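Shown next, in structure tokens, is the structure this report addresses.
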Amino acid sequence: MDARPSRVAVLGAGTVGAAVIRSLQRHPQLQVAAALVRNLRAPRDLGDRPPRLTADPDEALEGADVVVELLGGTELSTELMRRAAEGGARLVSANKAALAERWEVWGPWVAAGRVGFEASVMAGTPVVSALAGPLRGSRPLALHALLNGTCGFLIERMEAGEDFASALAEAQRRGYAEADPALDVDGLDAGHKLTVLARLCALPELGWERVRREVRGIRTLTPERLAALARRGRRARLVASLWSDGASWRFAVRPAALPEHHPLICVGPGRNALVFRGDLVGEVLIAGPGAGGEATASAVVADVLEAVAGRPGPAPLERELPPPPPSAALEIEELPES
Ligand SMILES: NC(=O)c1ccc[n+]([C@@H]2O[C@H](COP(=O)([O-])OP(=O)(O)OC[C@H]3O[C@@H](n4cnc5c(N)ncnc54)[C@H](OP(=O)(O)O)[C@@H]3O)[C@@H](O)[C@H]2O)c1
């Protein structure tokens, strides 16, 4: 047995990266060798044994057994993972944007079992491994999910009567929404995550551009529209769905109205949730935190432990599944633009 601790490089030490660095220190078989950042002087809590910080990607990647990518974005992240893969490292990432948009690069690494990406969808709440594991025994009929916590927060504030602009300002003040909130409120982040999930359970080669055309965000929701829905016993949510019309697979991210008793509503405020319907298993509900440094670190650290134990990452589907007969809409009523 190799007594040397496995060397882990962490690219990015922001909200998630810093939590990952702190959490990896609980595992004596791991050594966080270096972390890549832009700003070497920024204050950060990196635990009792902080790694060497560097702004030089080559220095960060040097000698790493596992490279954890927590930069965000699609270009630098993909380029650095390419260098890490060429150097023989195992890869771990929480980056759904890069996975969704740069699949031509990431797909072969995933197919080779070299990537852990549990944290890319619903953070620490396990859905990637569920879809790539135990749920594979059923033919999927449909999947409906709440995949963006910021949209959930904004809708809940508007349900309480606040207008979109001030709800968004509050989300930004609390650090839930970025300065540029487009990825969240225009549905793109949920679209990225739906792309990752749909590939795992039905359409292994699904391209981001096809999904992107079916993505609509929540900017047209208003407190007045939400109040009118409430009078009908309905709640609006940004719902990401994969279903079949009998002839082909369909997918969409859009605001939808759900009854109060719907499983995606019953999970309570502030949570991500996914309902999977399979022909053998029936309806499965998975719910939990979908964001936050610590919750995301939980899944990232699990992927690092799997990698150093030599176990492969989630396997892609081997081939596209034919669309099943049309599935019931699970009481999800798509909301029109206005
Ligand atoms: N936040 C969440 O709750 C969450 C949940 C699930 C998945 N994710 C995913 O996790 C990833 C990281 O998210 P985050 O919220 O931790 O982002 P973040 O707080 O913005 O952190 C990004 C980190 O990357 C570093 N970085 C960015 N560009 C760089 C560059 N050109 N060179 C060197 N370093 C660079 C930043 O350095 P500086 O600190 O010096 O600026 C920062 O440390 C994203 O892919 C995100 O989608 C996040």
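Values quoted throughout were computed directly from the atomic coordinates according to the rules given, and no laboratory measurement underlies them. Small disclaimer: the values here were computed from a predicted structure and weren't measured. Note that each Cβ is placed from the backbone with ideal geometry, even for glycine, and that neighbours are counted across all protein chains shown.
Here are a few things to note about the model shown:
- Each listed q (0.23, 0.28 Å⁻¹) maps to a log10 I(q)/I(0) for region 129-195, found by the Debye formula over equal Cα scatterers with no solvent: -0.94, -1.24.
- Residue-wise HN-Hα coupling along region 285-301, computed from phi with Karplus coefficients 6.51, -1.76, 1.60 (Hz; x: Gly, Pro): 10, 10, 9, x, x, x, 6, x, x, 5, 5, 6, 4, 4, 6, 5, 4
- In the chain, the DSSP-assigned H stretches of four residues or longer account for a calculated mean residue ellipticity at 222 nm of -10000 deg cm²/dmol, using -39500 (n - 2.57) per stretch and the full residue count as denominator.
- Packing-based exposure ordering (other Cβ within 10 Å, fewest first) of 27, 144: 27, 144
- Projected label points at residue 86 and residue 105, each 7 Å from Cα along the beta carbon direction, are separated by 1.1 nanometres.
- For region 44-99, the relative contact order works out to 36 percent when only alpha carbon pairs closer than 8 Å and six or more residues apart are counted.
- Normalised contact order of region 69-181, rounded percent, pairs of Cα under 8 Å and 6 or more residues apart: 16
- Per-residue Karplus couplings for region 221-226, computed as 6.51 cos²θ - 1.76 cosθ + 1.60 with θ equal to phi - 60°, are listed in order as 7, 9, x, 5, 5, 5 Hz, Gly and Pro entered as x.
- Ascending count of other beta-carbon atoms within 10 Å, so fewest first, for 262, 192: 262, 192
- Residue 170 versus residue 4: modelled label distance in nm, points set 7 Å from Cα along the beta carbon direction: 5.4
- Fewest-first sequence of 122, 81, 158 by Cβ atoms within 10 Å of each Cβ: 158, 81, 122
- Full-stretch length increase - residue 285, residue 205 - with 0.36 nm per residue and alpha-carbon distance subtracted: 26.3 nm
- Inter-label distance, nm, simple model (7 Å from Cα along the C-beta direction), residue 76/residue 225: 3.6
- Cα-based helix-to-principal-axis angle, 75-86 vs the chain, degrees rounded to 10: 50
- The phi-based Karplus calculation (6.51 cos²θ - 1.76 cosθ + 1.60; θ = phi - 60°) puts the 3J(HN,Hα) values of region 94-105 at 10, 8, 5, 5, 5, 4, 5, 8, 10, 5, 5, 8 Hz, whole numbers, x for Gly and Pro.
- Amide H contacts under 5 Å for residue 141, placed H, 5+ residues apart: 277, 278, 279
- Global form of region 241-320, assessed from the alpha-carbon gyration tensor, a/c cut-off 1.5: oblate
- DSSP beta bridges in the chain [antiparallel fraction, %, rounded to 5]: 60
- Centre separation in Å (Cα based) which lies between region 179-195 and region 129-151: 18
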